[in-house]
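The values are calculated or read from the model by the stated rules, or taken from the named source; none is laboratory data. Model, not experiment: these values are computed from the prediction. We place every Cβ from the backbone using ideal geometry, glycine too, and count neighbours over all the protein chains shown.
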Amino acid sequence: MRLPLTPGVYIMKNKSGDIIYIGKAKALKNRVSQYFGSDRAHSIKVIRMVENVDDFDYILVGNEFEALVLECSLIKLHNPKYNILLKDDKGYSYIRVAGEEWPVISAVLQKADDGAEYIGPYMSSASVRQTVDEANSVFHLPTCGKTFPCRTQRPCLNYYIKLCDAPCSGKISQEEYKKNADAALEFIRGGSRETLERLNKEMLEAAENLEFERAAKLRDRIRSIEKINEKQRVVTEKDADCDVFAIADGPDKSCLNVLRFRKGRLVDGEYFYFESDTPERARRELIASYYSIREDLPKEILTDGEVEDSELLSQWLTEKRGKRVTIAAPKRGEKLRLVEMCRKNASEKLFQRQGRVSKDNASLEELRELLGLKTYPDYIESYDISHTAGSDNVAGMVVFKNGKPYKSAYRKFAIKGFVGQDDYRSMAEVLERRFSEYFAHKDSGEGFGKLPDLILLDGGQGQVNAVQPVLGRMGIDVPVFGMVKDDRHRTRAITGEGGEIEINSKRAAFTLVSSLQDEVHRFSVEYHHQKHTKSTFRTELTGIGGVGEKKAAALIKRFKTIKAIRAASVEELCEADGIGEALAQTIWAYYHAEETDE
């Protein structure tokens, strides 16, 4: 099919004719042809999608903005498998306000056609319940479920502990009750600042009018709200009206966290899981999908990175809201703090999904920030070289998965490409052999068939420089850093292309890197000792007349140690492959020369 170089929407279909992906393009021909080029630039999700494409269609439009609007509309209509799709408002929570003269405020999970007023929807039911509880508590509204007006002789316990004004016992007038309910709704909708300003003003007026009892009640209410604000450290210093988007990337799934601020107060938080994609494109699809099913749009959207087609997206959201909507990735100040808080929430949710504990989360989060990694280093490979003056040259590879040793993935390498001492050349050989195995087994996704998120080499900049050309030549795009020790062989810093990075101030990351460096050193030295022992063992055996390399290997395999060979009888020595009775006699005599002399 010949495609034009004009704006439009393309529709991918599988063999059954089902729509599996919808996208928009400024130039259809250029955009669609990108999918069928080299796989190297594509994410795993896109590669899988392209493998299932059997046919596609397209719709021409007047400009790129019209393409964006049509794309959002078609995605909402067809729910394609490979588009990032977020939930509709099923299962959302609402704040219900029932009754005009005696309003009762409660948290509910469903909207009903019962004449009541509903505020929402909100994704977090816990957040809704907390907000309703705070409002009812501060303004002494009933939570007993009674219908007012009603009359009971004695109020319940809530009245005596100052959580309810007991309208059921006539302790408060309908007019005063209505005022309290309206103030509670103002608190819910507008946050605490405006409510505090109004209550302070009313308290001063009551004091001036010598209404000391009313002034005392207002003072207590003000203190209650201030106490709530003390608990809510995430409340911004300014009157923020924004939604904050941040993504935490995992090996298989990514997590989007959205925090919603209205008038400086955090009013809702939502989490969504989706298959990883390029960050810029993922942010555009996530924001478009999110607001295609919501009407409450903020004046500002903050993100943790660049957004593809951000100007077009801003134009679409502005038309939808009826007022200006901006999209920005803050670099400093209060807004950056909100984005970082949002990203940490996303990573915490992702870690919980993967069954990790908070200690592991902190170390991986600190390491990601410290090294400027795009994704969390869930799967880390570390390498070290060990030898004795160039002899018995070996390397050890250890793996940490989710911040803990993953011993089934440990591997040993005997250096084969040369003889002598050259740590840089040894490290380059090991990495080349390791990733040659990756290409041979990548379909399995296990062991050597899995790409690490991070490579740490025991050594400095020299080791990093030695392996970078190897990885570049093989097309392996994995971050590589060296682990530098001090004079006392303790971890001091991490080194990369930009120089050394001090890690002492990042306690969780420092502990993780130190554990990695100690473990890879232990593992490689242990392997070297084993190989060196066998080498010494073999050298001693080949000093016996008639015992060459093969027969020495057969004896090592059968008896394991020199002590066992020395203790063996001639008949037992003959059990080793290739050892005849005459040679067995020679070996026995070698180890029992003193006994023979006697």
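At-a-glance table
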quantity	calculated
Filtered residues of region 186-210 (kept if surrounded by fewer than 18 Cβ atoms within 10 Å (Cβ to Cβ) and either modelled with pLDDT of 80 or more or among the polar types (S, T, N, Q) (or both))	Asn200, Lys201, Leu204, Glu205, Ala207, Glu208, Asn209, Leu210
Region 372-422: number of residues that are of a type in the set (A, V, I, L, M, F, W, C) and surrounded by 18 or more Cβ atoms within 10 Å (Cβ to Cβ)	11
Qualifying residue in region 515-535 (condition: among the aromatic types (Phe, Trp, Tyr) and touching a residue at least 24 places away in the same chain (Cβ under 8 Å))	yes
Search result, residues across region 42-63 that are part of a helix (DSSP H, G or I) and surrounded by fewer than 19 Cβ atoms within 10 Å (Cβ to Cβ)	Ile44, Lys45, Ile47, Arg48, Val50, Glu51
Meets criteria (assigned to a strand (DSSP E or B) and at pLDDT below 80) for Ile95	no
Extreme residue, modelled with the highest pLDDT, among residues of region 494-513 that are part of a strand (DSSP E or B) and within 17 Å of Glu365 (Cα to Cα)	Ile494
Region 474-493 - residue that is of a type in the set (D, E, K, R) and surrounded by 10 or more Cβ atoms within 10 Å (Cβ to Cβ) and, of those, modelled with the lowest pLDDT	Arg490
Selection status of Val258, more than 19 Å from Glu306 (Cα to Cα), of a type in the set (Val, Ile, Thr) and assigned by TED's automatic domain parsing to the domain that holds Glu308	no
Region 110-134, residues that are modelled with pLDDT of 80 or more and among the hydrophobic types (A, V, I, L, M, F, W, C)	Ala112, Ala116, Val132
Filtered residues of region 339-374 (kept if among the β-branched types (Val, Ile, Thr) and either touching a Cys at 6+ places or on another chain (Cβ under 9 Å) or modelled with pLDDT of 75 or more (or both))	Val339
